[in-house]
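Read through the structure below, which is laid out as structure tokens, and then see the notes.
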Amino acid sequence: MQNYTLKQLRYVDAAGRHGSIAMAAEDLSISQSSISAAIDAMEREVGYDIFVRTPAKGVKPTALGGEVLQAIRRFLEQSRHFEAEVQSVDGQTTGSVRIGCYATAAPSFLPLILKSFSEDHPGVSIILLEGSMDAAAKFLSEGDVDLVFSYDQTVLEGQGFVPLFNAPPYALIPPDHPLAAQQDVSYEELCTLPMVLLDLPGTRAYFGNMFTKRGLTPNIVHSTRSSEIVRALVAGGFGFSILNILPPGHGKNSQPFTVLPIRDAVDVPVFGIITSELTRRPQIVTAFIKHCTTLRGKGVFDEIVVT
């Protein structure tokens, strides 16, 4: 049996992750022939095709190839943990932390964490993958990241959750609307306005359920996948919206919209860190999680939520 090098395994893994030899080569900054050679060598050794290769359509794992790729990813994960542990034997926390994050929330809280963590651990690199809540959960289940920042309702079996802050929903109101003069607002009052919906996988049902469980129906007139466009449309007077985490810099500068607590909001999601309970975490990942909980204890995240 051939002794595969880590380099070859990483080449095959990259082809599987990207579904393309060309994209894998670009990601790793090597030639496409090097990726192809690694795949050919492994397929010769195992005696069957790992990928179906279709010109102009990339590569797709075969049934057995999918199992091979899972085994490769588990091994590469263990190898990365081993390297991080060896680098830390002198007491210096080094290595990298791979973070998956719900993209809509990332700009509000990640800078708060990464700036202070980098100051305490200057030798550590941070790798970020952003996506929808569903995509972020997939990053973790497939071993692409060490942890995910998301809401507690996305935690799956075999995963752990470290809470960071409660994120009650709040209303964004056009600044010139009469409701903007109030201290808070109810769902019933919000139904008098057209709604601008943040329409990402899972969010339409989440926001809609806030109303339907109270026997109300929101008047959704605009929808977008961008929280920035949501805020722009509200500022332009096109309607109200509901979000959970305040935008970066809120309160430091005048905003073209009004933020109001929703007084009858009872189902408050919790935002935090999701980890896999099926693998042992390297020291640097444990240090990162501890850093986040320390910031939580200092109230750092209070400025990005509405209470």
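The values are calculated or read from the model by the stated rules, or taken from the named source; none is laboratory data. What you see is a predicted model, and the numbers here were worked out from it, not measured in a lab. Here Cβ is always computed from backbone atoms with ideal geometry, including for glycine, and neighbour counts include all displayed protein chains.
Looking only at residues that are touching a residue at least 24 places away in the same chain (Cβ under 8 Å) and farther than 18 Å from Ser150 by Cβ in the range 292-307, which one is surrounded by the most Cβ atoms within 10 Å (Cβ to Cβ)?
Filtering the range 292-307 for residues that are touching a residue at least 24 places away in the same chain (Cβ under 8 Å) and farther than 18 Å from Ser150 by Cβ, the one surrounded by the most Cβ atoms within 10 Å (Cβ to Cβ) comes out as Val306.
Regarding the range 29-43, can at least one residue be identified that is within 26 Å of the chain's Cα centre (by Cα) and under 18 Å from Lys7 (Cβ atoms)?
Within the range 29-43, one or more residues are within 26 Å of the chain's Cα centre (by Cα) and under 18 Å from Lys7 (Cβ atoms).
Quick one: count up the residues across the range 188-217 that are assigned to a helix (DSSP H, G or I), within 22 Å of Asp152 (Cβ to Cβ) and of a type outside the set (D, E, K, R).
9
Might you check whether a residue that is surrounded by fewer than 21 Cβ atoms within 10 Å (Cβ to Cβ), among the hydrophobic types (A, V, I, L, M, F, W, C) and in the same structural domain as Arg281 (by TED's automatic domain parsing) occurs anywhere in the range 176-188?
no
Residues in the range 159-167: is at least one assigned to a loop (DSSP other than H, G, I, E, B) and either surrounded by 20 or more Cβ atoms within 10 Å (Cβ to Cβ) or not assigned by TED's automatic domain parsing to the domain that holds Thr293 (or both)?
Yes, because at least one residue in the range 159-167 is assigned to a loop (DSSP other than H, G, I, E, B) and either surrounded by 20 or more Cβ atoms within 10 Å (Cβ to Cβ) or not assigned by TED's automatic domain parsing to the domain that holds Thr293 (or both).
Check the range 137-145 and report whether any residue there is of a type outside the set (Asp, Glu), more than 14 Å from the chain's Cα centre (by Cα), assigned by TED's automatic domain parsing to the domain that holds Lys290 and crowded, with 18+ Cβ neighbours inside 10 Å.
Within the range 137-145, none of the residues are of a type outside the set (Asp, Glu), more than 14 Å from the chain's Cα centre (by Cα), assigned by TED's automatic domain parsing to the domain that holds Lys290 and crowded, with 18+ Cβ neighbours inside 10 Å.
If you scan the range 228-270, which residues turn out to be among the β-branched types (Val, Ile, Thr) and either surrounded by 15 or more Cβ atoms within 10 Å (Cβ to Cβ) or not in a loop (DSSP other than H, G, I, E, B) (or both)?
Ile229, Val230, Val234, Ile242, Ile245, Thr258, Val259, Ile262, Val270
Within the range 95-134, track down each residue that is part of a loop (DSSP other than H, G, I, E, B), without any contact (Cβ under 8 Å) to a residue 40 or more places away in the chain and of a type in the set (Gly, Ala, Ser).
Ala103, Gly123
Inside the range 5-37, can you point out the residues that are under 12 Å from Ile72 (Cβ atoms) and in contact with a helix residue (DSSP H, G or I) (Cβ under 7 Å, 6 or more places away or on another chain)?
Leu6, Gln8, Leu9, Arg10, Tyr11, Val12, Asp13, Ala14, Ala15, Gly16
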